[in-house]
Amino acid sequence: MVTGELKQQVDKVWNAFWTGGIANPLEVIEQITYLLFIKRLD
């Protein structure tokens, strides 16, 4: 179940992508996956 805090975090990330010009949910998932991959390379 999604808690209030988790929902706020997801909304914050979604708003960051939305203001960056990415509105398609599949593109958001793709970008998050890419960012997680890059972070693991560090």
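Tabulated values for the structure
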{"item": "Most to least packed among 8-19, 30-41 [average Cβ atoms within 10 Å]", "result": "8-19, 30-41"}
{"item": "0 to 90° range, to nearest 10: angle between helix 4-19 axis and the chain longest Cα axis", "result": "50"}
{"item": "Mean shadow area of the chain, taken as a quarter of the surface of its Cα convex hull (nm²)", "result": "3.6"}
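Since every read-out is calculated from the coordinates, none of them should be taken as a lab result. Quick caveat, the model's predicted, so the values are computed rather than measured. Neighbour counts run over all protein chains shown; Cβ positions are idealised from the backbone, glycine included.
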